[in-house]
Amino acid sequence: MKFWFITGSQLMYGEETLRQVEKDSREIVAGLKLPFPVEYKLTAKTNAEIAQTVKAANYDDECAGIITFCHTFSPSKMWINGFSLLQKPWLHFHTQYNESIPNEAIDMDYMNLHQSAHGDREHGFIGARMRMPRAVVAGYWKDPAVQAKIADWQRAAVGSLFSKDLKIVRFGDNMREVAVTEGDKVEAQIQLGWQVNTWAVGDLVKEMDKVTEAEIDSLVKEYESLYEIATDNMESVRYQAKEEIAIERILVRVGAKAFSNTFEDLYGMKQLPGLASQHLMSKGYGFGAEGDWKTAGMTAIVKAMYPDGAASFMEDYTYDYKHELILGSHMLEVCPTIAAEKPRIEVHHLGIGGKDAPARLVFEGRAGDAKAISLIDAGGRLRLIVQDVTCEKPFQTMPNLPVARTMWKPQPSFLTGLECWIIAGGAHHTVLSYDITDDVIRDFARIMGIELVTINAQTTTVSLERDLMLGDIIYRR
Ligand code: MN
C-alpha cells in the first residue's frame, strides 16, 4: 500500500517556479516518516492532468489514497472533473515548504512561490463546495505531531481499502433469537464492501478430517513456544489445533480475513473452537462469536490498521458497582494480543453447548486506555459506536473463572457511560482496541460514509440523544 502525493499548481508561474515546486514537494515527501510510504506523483497544472491522475489512482490497487498540497495557487475549477471521479480517500495537507518567513529573502517572487496559505484556501473551498469526504491536516511538514495526524489518516485509509475487499466466512447462522448480531448483509456490502457468506459446518468437519498428525504436532509446538501449557489434557489441545488448521485452510481458500461461528451449530465437532479462534485472532483474523459477523469484520479491520497492535473480540459480561468496573470476557474467544502476561493453555468444562471440554487461553488483559467499538445495524444503515474506556488490572483473582478477562471503566463515568451505551444501542459484543485513536475512527467513518457515535469524557446523555437524532436525519436511507 502506498499513498500518492499531488502538488497543486498552474502553468502561469513559468517553468523555473514549477521546477522549484517539484523539488520542494519531493523534499517534503522524503521527509514524511509515516507507517505507509508516500510517493510524489506530479505537480498538477491542468484539468486533464488531474483527471488522468485520479483515474489512475482509482484503478491502482496499491494506491491507498491521495494527499494534496498547493505550494502555489492552483485554481480549483480545474480540480472539479478529477475530484468528481475520485474513489480513493483524500487528505488535504495544508502545509508550507518553509517554517518561517525570512526577513531579508522575502520579496514578490518568494510570495508567488510560497503561498499555500492562499492556494490551499482555494483548494479547501472546492472540497467543501463539492462536499467531498476529506481529512484536513494543517502544520509544518517536519513537525512530528503533524506527521502523526497524517499517520492516523493513513491507517483509516488502509482500513477502508481492507474493508472494501473483506470477505467474512460464517460457519453456521446467528445464535437463535439474538437481535444485535443480525443485520442486513446487502447493506453492509454496499456501505463497507464486506462479502459475508456462509460455509457449511459439515465442510469444516470434512476439512478437519484431512488434517494430519504431523500438522497438528507442528502447530502444538508453536503453541508451546508462545504459551504456558497448564493442562495434562493434550488431546483437547490437539483437537483445537486440528480445528484451527481446518478453519484457516477454508479462510485462505476463500480469501477471507474474518469468520464467525456459533456454539449452537457445531455439528460433527467435539469442541467449540477456543484456543483455535484465539490463536487465529492473534494472527490477524477477525472473529465474532454466536454468528456475529459484524464484530468479526470490525475486529479484522482494526487489526489491519494496526498489524502489531492489541485488539480483540470482547463481550461485556458483568458489573462491579462498588469498583465501578465492567468485567469483559467471553466463553473462550479473547485474543492474546491484549494479554498482560504469558497466556496459559487450560482445559475446562464449558457449561454451554453440550460439547467436550475445550482448550483455551487464560490470561488477564492489560491495563491502559482503550476503545470499545460496536457496529450495529440501525435499520437501513450501519452505526459505528465507539466508547472510550480505561482498562484496569482486575482487582481480584477470580480463581474459578478460567477464561481470558479484563476489566474496564467506561467514559464519561461509570453509570453515565453505561446509560450512553444502552441509549446508542451498542451491542454486548465489541472490538476492544488499545491502539485506535479518535482521528482514525473519525477518518474511517467519514471515508466509509457511515454514522459515527462517540461516547467520551465530554458526552452527556443529552448531547448523545441529540447526536442520535441528527444521525436519524442525516443517515436515514
Ligand atoms: Mn457472546
Residue by residue through region 49-55, which ³J(HN,Hα) values in whole Hz follow from phi under the Karplus form 6.51 cos²θ - 1.76 cosθ + 1.60 (θ = phi - 60°), with glycine and proline marked x? 4, 5, 4, 4, 5, 5, 4
Leaving out ligands, DNA and RNA, and with a 1.4 Å probe, what % of the accessible surface on region 2-163 is carbon or sulfur? 53
For region 237-250, 3J(HN,Hα) per residue [Karplus equation, 6.51 cos²θ - 1.76 cosθ + 1.60, θ = phi - 60°, Hz, x = Gly/Pro]: 5, 5, 5, 5, 4, 4, 4, 4, 4, 5, 4, 5, 4, 5
Can you give the calculated 222 nm mean residue ellipticity of the chain, where each DSSP H run of n ≥ 4 adds -39,500 (n - 2.57) and the sum is split over every residue, rounded to the nearest 500 deg cm²/dmol? -12500 deg cm²/dmol
Defining a contact as two alpha carbons under 8 Å apart and six or more residues distant in sequence, what relative contact order in percent does the chain show? 12
Cα centroid separation - region 198-246 against region 429-477, whole Å: 39
For the cross-link pairs 355/393; 2/149; 322/393; 2/303; 149/342, which exceed 23 Å when the distance is taken from alpha carbon to alpha carbon? 355/393; 149/342
Note down the relative contact order for region 2-163 as a percent, whole number, built from C-alpha pairs under 8 angstrom at least six residues apart. 28
Within the accessible area of region 165-475 (1.4 Å probe), percent carbon and sulfur: 51
In whole angstrom, how far apart do the alpha carbon centroids of region 337-407 and region 47-98 sit? 43
Accessible surface, per residue, of region 165-475 when the full set of protein chains is kept, probe 1.4 Å, Å²: 40
So, for region 2-163, what is the accessible surface per residue at a probe of 1.4 Å, expressed in square angstrom? 47
The relative contact order of region 258-359, taking Cα pairs under 8 Å that sit 6 or more residues apart, comes to a percentage of 29
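The values are calculated or read from the model by the stated rules, or taken from the named source; none is laboratory data. Remember, predicted model here, so these are calculated numbers, not experimental data. Areas reflect the complete protein model, heavy atoms only, side chains present, ligands, DNA and RNA absent. Shrake-Rupley method; radii C 1.70, N 1.55, O 1.52, S 1.80 Å.
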